[in-house]
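> Mind looking over this structure? Questions follow.
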Amino acid sequence: MYNQKSIPTFRARMSSQGISIRHPVATALALSLAAAVALGISRFSYGLLLPPMRSDLGWSYLLAGGMNTANALGYFIGALITPALMRRMGVWRLLIAGSVLAGIFMLVSGLVTDASALFLQRVCAGIASSFIFIAGGVLSARLGSMHSKRAGFLIGLYYGGTGIGIALSALLVPAALASAQEHGVAHTWQWPWLALGISCLLATAILALPARAIGEAPPGQGGKRAFAVKDFFFGLSGYFMFGMGYIGYMTFVIALLKQQGMTPGRITLFYTLLGLAVVASSRIWARMLDRFKGGESLAILNGVLGVVCILPALTSSVPVVFLSGIVFGGVFLSVVASTTALVRHNLPQESWSAGISAFTTAFAFGQIVGPTMVGWIADGPGGLERGLIVSAVALFIGAVLSARQKPLASLH
């Protein structure tokens with residue numbers, strides 16, 4: 001029975017759910033802007049800005065990689081505290097707060113040059129990104145539960161939004177750099193940071209109401225399975241190796257292409273196509289995410305990524321390098337979606353936040369190790385090519401571990 005005070009709340013919740021039920025694809029697309037902010041802009045734009053920043057500030061590859069390690073450290077910290085914040089603030093409020101903070105921290109990057117200040121900014125941006133990505137993942141899983149026949153596609157759409165951010169970064173960064181050069185700006189790389197920060201805030205304004213329409217998760221119910229690390233040990237281990245392996249590619253591939261003599265126009269096209277392939281991945285892998293209940297999807301996708309990650313290290317052939325980027329873009333965010341699908345298939349809805357947070361923590365820890373390790377290797381005699389080979393090996397190990405993750409017993 002509902003008392004009089006609870007009736008308006010109940011009706012409001014049902015009304016908001018009705019919006020998402022009537023327009024699930026539009027809602028998922030709006031929500032995907034959160035992923036665009038969290039990863040596509042806040043993290044992966046750094047790969048485009050690394051070459052001009054390194055040249056202007058005299059960074060080694062170790063320090064350049066350390067900046068993305070700082071971002072991953074923040075992401076790791078954020079993943080640890082997100083479950084408590086979601087319980088206190090609610091999923092939607094944490095999503096919006098994180099998105100606004102990410103935009104502000106991006107703007108700050110365009111106002112400083114000191115390495116310590118930039119390092120701190122990357123940590124703070126990582127924390128905000130974690131709030132966004134986990135909260136968005138919970139909301140996408142909830143939206144998928146409302147439309148179970150299209151759950152894989154809707155979840156994939158959310159994570160595919162990262163590609164929107166990558167493509168936007170690929171277009172904004174060169175344009176802002178060129179404009180800064182025309183105006184004789186001392187540190188031309190600062191203008192792209194400002195442009196990207198503004199784009200984060202605009203994306204937040206667009207996604208806010210559709211994300212709110214999905215509603216909060218239901219309260220926990222006694223007697224149902226809670227998240228336990230031991231149940232997902234191999235999945236978490238495979239995801240850790242994914243975090244360590246993929247980030248080396250995303251951090252240094254642009255620097256490698258520039259080193260190999262690829263023209264700026266081709267580099268922009270390469271990164272734009274990579275981003276568009278991320279968007280398309282939501283359709284490509286949707287059926288597989290719905291079909292497999294264990295770690296099969298995670299294993300398959302890790303294996304494919306390992307193969308394409310190694311290609312730019314073996315050849316500078318433009319068609320092969322572009323194939324690498326397009327396939328990489330079409331796969332890597334579906335790895336993230338596969339872990340959300342794994343949690344959704346094997347846990348009750350009230351445990352999704354804990355499950356997604358645990359996988360995000362493993363992912364973030366892998367990303368802490370990856371950029372610094374690859375940067376240290378790249379400073380050695382093997383160069384960036386050897387760094388990407390090590391990244392590929394990490395992905396292959398991740399595939400083997402993930403294949404051992406079995407689905408849990410039925411929830412019913």
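The values are calculated or read from the model by the stated rules, or taken from the named source; none is laboratory data. Please read these numbers as outputs of a predicted model, since none were measured by experiment. Cβ placement follows ideal geometry from the backbone for every residue including glycine, while neighbour counts extend to all protein chains displayed. All accessible areas refer to the heavy atoms of the entire protein, side chains included, with ligands and DNA or RNA removed. Shrake-Rupley method; radii C 1.70, N 1.55, O 1.52, S 1.80 Å.
> Which members of the stretch 337-359 meet the condition of being assigned to a helix (DSSP H, G or I) and touching a Phe, Trp or Tyr at 6+ places or on another chain (Cβ under 7 Å)?
Ala337, Thr339, Val343, Arg344, Ser351, Ala354, Gly355, Ala358, Phe359
> Continuing with this model, one more query. Residue check: is Met262 at pLDDT below 90, within 27 Å of Leu171 (Cβ to Cβ) and out of contact with any Pro (no Cβ under 8 Å at 6 or more places or on another chain)?
no
> Got at least one residue in the stretch 43-55 being of a type in the set (D, E, K, R) and modelled with pLDDT of 90 or more?
Within the stretch 43-55, one or more residues are of a type in the set (D, E, K, R) and modelled with pLDDT of 90 or more.
> Looking only at the stretch 385-398, how many residues end up being in contact with a Phe, Trp or Tyr (Cβ under 9 Å, 6 or more places away or on another chain) and either polar (S, T, N, Q) or surrounded by fewer than 24 Cβ atoms within 10 Å (Cβ to Cβ) (or both)?
The qualifying residues number 2.
> Looking at Ser116, is it polar (S, T, N, Q), part of a helix (DSSP H, G or I), open to solvent by 50 Å² or more (accessible area, probe 1.4 Å) and over 28 Å from Met89 (Cα atoms)?
It is true that Ser116 is polar (S, T, N, Q), part of a helix (DSSP H, G or I), open to solvent by 50 Å² or more (accessible area, probe 1.4 Å) and over 28 Å from Met89 (Cα atoms).
> Let me ask something else about it. I need the full set of residues from the stretch 35-77 which are of a type in the set (Lys, Arg) and open to solvent by 20 Å² or more (accessible area, probe 1.4 Å), in order please.
The one that is of a type in the set (Lys, Arg) and open to solvent by 20 Å² or more (accessible area, probe 1.4 Å): Arg54.
> How about the stretch 357-390: which of its residues are among the small types (Gly, Ala, Ser), in contact (Cβ under 8 Å) with a residue 60 or more places away in the chain and out of contact with any Leu (no Cβ under 9 Å at 6 or more places or on another chain)?
Correct list: Gly366, Gly370.
> Further question on the same structure: What tally of residues in the stretch 229-246 results from selecting those that are more than 14 Å from Thr360 (Cα to Cα) and open to solvent by less than 30 Å² (accessible area, probe 1.4 Å)?
Counting residues in the stretch 229-246 that are more than 14 Å from Thr360 (Cα to Cα) and open to solvent by less than 30 Å² (accessible area, probe 1.4 Å) gives 2.
> Another question, if that's okay. Scanning the stretch 92-113 for residues that are of a type in the set (Gly, Ala, Ser) and either open to solvent by 10 Å² or more (accessible area, probe 1.4 Å) or at pLDDT 95 or above (or both), which turns out farthest from Met53 (Cα to Cα)?
Among them, the one singled out is Ala97.
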